[in-house]
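Only one structure is covered here, and it is reproduced in the block below.
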Amino acid sequence: MRALFAFLAGGLFGVGLMLSGMTDTAKVQGWLDVLGAWDPTLAFVLGGAILPMLVAWRVAGKRPTAALGTPIPAKPAQIIDARLLAGATLFGIGWALVGLCPGPALAALSYNGGHGAVFVVAMVAGMLIWHILHLGGAMRGRPA
Amino acid sequence: MIPADWIFGLLGGLMIGAAAAMFLLVNGRIMGASGILGGVVDGSGRGNLDERFAFLAGLVGVPAVVALVWQAPQTNLTTDPLLLVVAGLLVGLGTRMGSGCTSGHGVCGISRFSKRGIVATLVYLAAGVIAMAVARHGLGVI
């Protein structure tokens, strides 16, 4: 049951990304290109995506668990630290260079050809690099 | 007259939001693409791997079927291998370091009025705009 709804959510997310134009790297780069031919489409996508979620968070706030019994995720501690700022900065630079973020990179994996696969493999490698760096840092932080 | 692209953007956006709402209210999970994939990649999501794999299968597989039976949209993806590798590494590293991407911080975080989500979104947007200005209009590499 959990897997079925996870599959449906992933599928709806993917088709939404496809329909919205977010797998078109030219549109995403156009949104970031304020000095060039600026393309405001992404604002409509983000606005459209936030609307159902505003309702969902209100509904979620009124109940202790989700429909399948899992607790509604608690809001993480609202700490703005160097890790959050540096991570968002690196992500923003990578996003601009090619026009892909993780969701659209996966949604377009089937029709982006080999170049899309190269991006996804590099993205997975980047995630592993963070895991190794983070693990190393956490180990050094511990008393011997 | 409103450009068709904006209407498709809004409709697609509503679908993205509906997917996130369903994942939250049915599965009790935050729909963040980098978090769901990252938990598989580094093993931190081993407690709910089936759910993660099912989500990723839907995210990759359903658009694949739509592209096959209907049509694949234009992607205008660069063919420069160096750009693809550098950008992919930055996106993977940055989203895990910053604990989220456009879907997690942007869609799920902003709608929850999460300070972290809002700040992260403003920072990656600003970094993206500056990187675009430098790389396209300064260096001319993209």
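FYI, it's all coordinate maths here, none of it is from the lab. As the structure is a prediction and not an experimental result, all values here were calculated from the model. Here the Cβ positions follow ideal geometry from the backbone for every residue, glycine too, while neighbour counts run over all protein chains shown.
Assorted remarks:
- Shielding by partners, peptide A:29-35 (average Cβ within 10 angstrom, other chains): 6
- Remark: A:K27, A:K62 ranked as A:K62, A:K27, counting other beta-carbon atoms within 10 Å and listing the fewest first.
- Rounded to the nearest Hz, the phi-derived 3J(HN,Hα) couplings of the stretch B:23-37 under the Karplus curve 6.51 cos²θ - 1.76 cosθ + 1.60 (θ = phi - 60°) are 5, 6, 7, 9, 8, x, 10, 7, 8, x, 4, 5, x, 5, 5, where x marks glycine and proline.
- Counting other Cβ atoms within 10 Å as a rough exposure proxy, the listed residues B:W6, A:W95 run B:W6, A:W95 from fewest neighbours to most.
- Cβ charges +1 (Lys, Arg) and -1 (Asp, Glu), total dipole of chain A, debye: 720 debye
- The stretch A:84-120 and the stretch B:74-142 have Cα centres lying 8 Å from one another.
- Per residue of the protein assembly as shown, the DSSP helices (runs of n ≥ 4 H) give a summed -39500 (n - 2.57) that works out to -21500 deg cm²/dmol at 222 nm.
- Net charge of Cβ neighbours under 12 Å - reference A:P76; Lys, Arg +1; Asp, Glu -1: +3
- For the residues of A:53-65, the average number of beta carbons from a partner chain within 10 Å of their own beta carbon is 4.
- For A:K62, the lysines whose Cα comes closer than 20 Å to its Cα, not counting residues fewer than 8 places off in the same chain, are A:K75.
- When each of A:V120, B:V40 is scored by the number of other beta-carbon atoms lying within 10 Å, the sequence from fewest to most is B:V40, A:V120.
- For B:G128, net neighbour charge (Lys/Arg +1, Asp/Glu -1) across residues whose Cβ lies under 14 Å away: 0
- Cα→Cβ-extended label distance, 7 Å offset, between B:V65 and A:R58, nm: 3.3 nm
- For the protein assembly as shown, a crude dipole built from +1 on the beta carbon of Lys and Arg and -1 on the beta carbon of Asp and Glu, taken about the Cα centre, is about 1040 debye to the nearest 20.
- Taking a sphere under 15 Å around the Cβ of A:L19 and counting the other residues whose Cβ falls inside, with K and R at +1 and D and E at -1, yields a net charge of -1.
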